[in-house]
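**Student:** Shown below is the structure under consideration.
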Amino acid sequence: MKKIILGSVLALSIAVPALAHPPITVYVDQQEVVFADQAPVIVDDRTLVPMRKIFEAMDAHVTWDEPSQTITSTRGSDVVTMTIGEKQVYKNGKGVYTMDVPAQIMQDRTMVPIRAVAVAFDANVAWDGINYIISISTDSANSGNISKQIHADDGTLLATISLSYTPLISNSTAADKINKSVYDQMSQKASVMTERLETAAKAAYAKNPTSFQPYYYMGTYQAKGESSDFASVVLEERTFMGGTETKTLSADTYNMKTGSDAALTDIVTDSKKEIETLVKKGFSAIIDQNPAAFYSDAKDRLDKNFDDVGFYLDKNAVVFYLNSGIIAPESAGVIAFSVPR
């Protein structure tokens, strides 16, 4: 075990919206997609990518109709269409997804929201909000991923539930145990969220069908920081049930020799007091860099909600995070910093 170095906090990666973020990297079935002419961009907290490149990476044939400004993509027997400036995504003639940010043209390139593309083709998308990495899995059947749709009696899409897992790759009994545990969690979460969204969406649609927007729950589990000793599984959740989308992050860390849960003090030699001091100084440094992005009493809130600080392993670092709404408004997203270990 090693100590985590307090003095390195100020030079670390910080997830605050007002600050610059790393380049966005996209993987489809573990193969990196290279965007030569136009890089992915974030618009209103949604990632847009060049249309043709992302569809072709998913083995789909894409056509562009200039007069109607319509994108048509075919993959197997499925035909997906979306129109520049419009928020509805259609699959085989039926609306299947409502985008917060519509497809649009940037620098003479047609840009589409990557999550809409993935959901339309029943793929699963995982977002690493610390390193700005997007992973899409098109092989849901073999990965154990879960995707469900709920429709009204008239065929209207009411809700989509999608869970995915980028699993541990170690060939060990412990890794198998952890992966099975995560898949069990996914199954239970899918059941709970299906029942929750179905009840709420049916009631909302019956009350006001003309303005109803389909609900959704997206849960992406991703193994991180995998080594021979420890690994973390990070869960990012996005839920829309009318109004504003909510986003949360949670993580579990495991001993890769036993498959059991691991505490931070099992991984590093720092005492609990040293870790608490490091974490408070780390978040305080983030707040001081951009005070306007945080609540005016953010540091007091940090002290009162210190038990809400989570951590996970990523490569050779420990990432500490706080979910939105604790020391900054919901719009700030997850606040995080990493420390080498």
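**Student:** If I ignore ligands, DNA and RNA and count only protein heavy atoms, how much of LYS247 is accessible to a 1.4 Å probe, in Å² to the nearest 10?
**Tutor:** Result for LYS247: roughly 40 Å² accessible.
**Student:** Helix 272-289: angle to the longest alpha-carbon principal axis of the chain, degrees 0 to 90, nearest 10?
**Tutor:** That helix lies at roughly 50 degrees to the long axis.
**Student:** For the chain, which span is the longest to avoid every loop-located (per DSSP) member of GluC sites (Glu not before Pro) having at most 15 other Cβ atoms inside 10 Å?
**Tutor:** The longest uninterrupted stretch comes out as 87-244.
**Student:** Using a 1.4 Å probe and ignoring any ligands, DNA or RNA, find the accessible area of LYS180 and quote it in Å² to the nearest 10.
**Tutor:** Accessible surface of LYS180 is approximately 130 Å².
**Student:** Then there is this: What are the ³J(HN,Hα) couplings of the stretch 67-78, residue after residue, when phi is run through the Karplus curve with 6.51, -1.76, 1.60 and θ = phi - 60°? Round to Hz, x for glycine and proline.
**Tutor:** x, 9, 6, 10, 9, 10, 10, 10, 9, x, 9, 9
**Student:** Ignoring ligands and nucleic acids, what accessible area does MET106 show with a 1.4 Å probe (Å², nearest 10)?
**Tutor:** 40
**Student:** Please go through the residue pairs LYS189/LYS224; LYS148/LYS224; LYS94/LYS148; LYS91/LYS207; LYS91/LYS148; LYS272/LYS315 and name each one whose alpha carbons sit more than 19 Å apart in this structure.
**Tutor:** Pairs exceeding the cut-off: LYS189/LYS224; LYS148/LYS224; LYS91/LYS207; LYS272/LYS315.
**Student:** Local charge sum around PRO209 (other residues, Cβ-Cβ under 12 Å, Lys/Arg +1, Asp/Glu -1)?
**Tutor:** Here the count lands on 0.
**Student:** How much of the accessible area of the chain, in percent, comes from carbon and sulfur atoms when a 1.4 Å probe is used?
**Tutor:** Summing carbon and sulfur atoms, their accessible area is 49 percent of the total for the chain.
**Student:** If you don't mind, there's one more thing I want to ask. Any idea of the accessible area per residue across the chain, 1.4 Å probe, to the nearest Å²?
**Tutor:** 48
**Student:** Moving on to the next point. Please tell me the relative contact order of the chain in percent, rounded to the nearest whole number, where contacts are Cα pairs under 8 Å and at least six residues apart.
**Tutor:** 17
The values are calculated or read from the model by the stated rules, or taken from the named source; none is laboratory data. Predicted, not measured: the structure shown is a model, and the values here were computed from it. Heads up, the Cβs are rebuilt from the backbone with ideal geometry, glycines too, and the neighbour counts pull from every protein chain shown. The accessibility values were calculated without ligands, DNA or RNA, using every heavy atom of the protein model including side chains. Shrake-Rupley method; radii C 1.70, N 1.55, O 1.52, S 1.80 Å.
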